[in-house]
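For reference, the structure discussed in these notes is given below.
The values are calculated or read from the model by the stated rules, or taken from the named source; none is laboratory data. What you see is a predicted model; the values in this text were computed from it and never measured. Cβ coordinates were reconstructed from backbone atoms using ideal geometry, including for glycine residues, and neighbour counts include every protein chain displayed. Note: accessible area is taken over every heavy atom of the protein model, side chains too, but ligands, DNA and RNA are not part of it. Shrake-Rupley method; radii C 1.70, N 1.55, O 1.52, S 1.80 Å.
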Amino acid sequence: MRSGHRLGDLLGPRLGRRFGWLWGAYATSTLGTWLAFGSFPLIAIQVLHAGPAEVAALASIGAAVGAAVAVPLGPWVEFRRKRTVLIAMDLVRFAALLTIPAAFALGALTFLQLLVVSVVVAAADVAFRAASGAYLKTLLPAEDLLVANARFESTSWTATIIGPPLGGAAIGLLGPVATVVADGVSYLLSALGIRAMGGHEPRPERRKAARLRAGDLLDGWRYILADGALRPLFFNTALFNGLVMAAQPLLAVLMLGRLGFTPWQYGLAFAAPSIGGLLGSRLARPLVTRFGQHQVLVVSGSLRAVWPIGLAFLGPGTAGLLLVMGVEFGLIFCCGVFNPVYATYRLERTATDRVARTLSAWLVTTKASTALLTAVWGVLGGLLGPRTAIGLAGVLLLATPLLLPRRAAAHLAEPAPEPEPESGPRPESRRS
């Protein structure tokens, strides 16, 4: 019995049928995304015979322009039913991705089409994630938000572990266009799952001004910068994510070039440590229960910044491979703990009628900072060498814990949202 209680405490309470549909939809689309991981560059190289500059542009420009296009979507999402937005963004991504196999079958696929589709998918992703955060806050009571975010986090890392190997096998058998089809279908299935949730969602009240003004586009950033708890966390996550991602292309150059690692070794070095994210996300709730939200947020946020500098000491052979795997495991484990706690903290600190705008501004900034820092570190890698540039990113990451909230913030003085009624009773005492 005691072990059963421990398992229940680790997994958390049941969150109801409607959350189950939302969670299943998220798992389906996330797995589809990881199945198609790297498919756009492969299509550009193998089908369109694109060069390195075009492939780099596909990755950086697509994300940056998509983030810019998503800027007006935050205020737009705020005043619409969030479940309708979720379904619409899934269908937009499904339709955009399916144009690629259609054009390929007709022999009309172009690089410009790949670029446009990447922009559309990136913008729709920002709107979807902003709407999902806002919807989750109204769907569940505050005490269940951490459990829900931890389940999303563990699902993401599980898909990271199994998706790329399955996608690689599918690409080898059927070609990269087949994984794009799988990704598109996953968004269709996600839309159907969200549609199946049912229930009534009241339409958000509109402002007195009927038309969207240019100044309204900055509402999300104003809200973040005016909040003493959200402001440091905003800068911390933008800088941390940007520096970690900026070093990844240089690490690939170092491992696959100068150090002579094979592609399968490179893939293994990042796939296997993803187990750490699964473990960390499972421990997030028990750690918060024991030590408190603020302490877990600060400690895990600080520890995740310690690991990346170890990559500057990477060498060849088995020892080098083990070093990368160890560093990545430690980094991903700490992120697995930090991410659901930080996502819950952010939702708790954001007023219900500001969540979509706040999350949209947060996501746009993160994507833009990642694109900018990746470009800067590409230049630094050319000037200083990849190892020195990776080390510089690691040193700067050591300063990011200074931007974490120093004190536990009080909850907002707003009424907790009532969960929407289920079709049947919710057994509060049962454990999943």
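Assorted remarks:
- Candidate membrane-span-like segments in the chain, meaning DSSP H helices with Cα atoms spread over at least 20 Å of their own axis and a Kyte-Doolittle mean of 1.0 or above, are 52-69, 82-105, 111-139, 176-196, 230-253, 355-384, with no membrane implied.
- Computed over all pairs of different Cα atoms, the Kirkwood value for the hydrodynamic radius of the range 140-187 is 12.6 Å.
- Nitroxide proxy distance, nm - points 7 Å out along Cα→Cβ at Gln113 and Ala57: 1.8
- Cα-based Rg / Dmax (Å) for the range 274-348: 13.8, 47
- Largest mean-square fluctuation among Ala88, Ala70, Ala246, in a Gaussian network model of the chain whose springs join Cα atoms under 10 Å apart, belongs to Ala88.
- If you sort Glu328, Glu54, Glu348 by accessible surface, 1.4 Å probe, largest first, the order is Glu54, Glu348, Glu328.
- With a simple spin-label model that places each label point 7 Å from the Cα along the Cα-to-Cβ direction, the separation between Gln46 and Leu166 comes to 1.9 nm.
- The chain, relative contact order [Cα under 8 Å, separation at least 6], %: 29
- For Ser274, neighbours were defined as the other residues whose beta-carbon sits under 12 Å from its Cβ, and their charges (Lys and Arg +1, Asp and Glu -1) total -2.
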